[in-house]
1. Mind listing the phi-derived Karplus ³J(HN,Hα) values for the range 10-20, rounded to whole Hz, using 6.51, -1.76 and 1.60 with θ = phi - 60°, and x for any glycine or proline?
2. Given labels modelled 7 Å from the Cα in the Cβ direction, how far is it in nm from Leu12 to Ala75?
3. Counting only heavy atoms of protein chains, what accessible area per residue, in Å², does the chain have with a probe of 1.4 Å?
4. For the Cα atoms of the chain, what angle does the longest principal axis make with the long axis of helix 88-103, in degrees from 0 to 90, nearest 10?
5. With each label point set 7 Å from Cα along the Cα-Cβ vector, what nm distance links Asn85 and His67?
6. How much of the accessible area of the chain, probe 1.4 Å, is carbon plus sulfur, in whole percent?
7. Hey, what number do you get for the chain at 222 nm if only DSSP H runs of n ≥ 4 count, each worth -39500 (n - 2.57), divided across all residues, to the nearest 500?
8. Treat each spin label as a single point 7 Å out from the Cα along the C-beta direction, and report the Glu22 to Thr55 distance in nm.
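The values are calculated or read from the model by the stated rules, or taken from the named source; none is laboratory data. Predicted, not measured: the structure shown is a model, and the values here were computed from it. Note: ideal-geometry Cβ built from the backbone for every residue, glycine included; neighbour counts use all protein chains shown. Accessible surface is based on the protein model in full, side chains and every heavy atom, while ligands, DNA and RNA are left aside. Shrake-Rupley method; radii C 1.70, N 1.55, O 1.52, S 1.80 Å.
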Amino acid sequence: MFSGDHDRPVRLALSLASVSLEVQARILGLLETRLDRAAALQRRDEAIRLAHRMTGHIGVLAAALHHYHLNTWPAVRHLPEPPPNETPLRIAFFEACLAASDGGLEIPGPRQIRRIVA
């Protein structure tokens, strides 16, 4: 999936930016993972399961995740990792939103969260 459409132009852009071959390989590996919809779905669901272990309540989790997605995610979506000093729950929300964005996935509601954590 990744190499056919993206490998050459990404390598060219990274080479023009004087990025070393070692760093290029790491970037390409990360892009391949992030562009894989199935992997993004797994990452989103794992972040939701982690958040559920912290909250212990599906309704509270669903409301807090949607609040984060609407109010915080737009300001941090350009970041490659969660902002410094975030709580573990907000890091899980960041990871869930990032994975959803990578895979073109929705942020699930309470019924889907119940299926994810079951």
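1. Computed from phi, the couplings for the range 10-20 are 5, 4, 4, 4, 5, 5, 4, 8, 6, 7, 4 Hz.
2. 3.9
3. On the way: 7460 Å² over 118 residues.
I get 63 Å² per residue for this part.
4. So the inclination is approximately 60 degrees.
5. Taking the simple label geometry, Asn85 and His67 are separated by 2.0 nm.
6. Exposed carbon and sulfur together represent 57 percent of the surface.
7. -22500 deg cm²/dmol
8. 4.2
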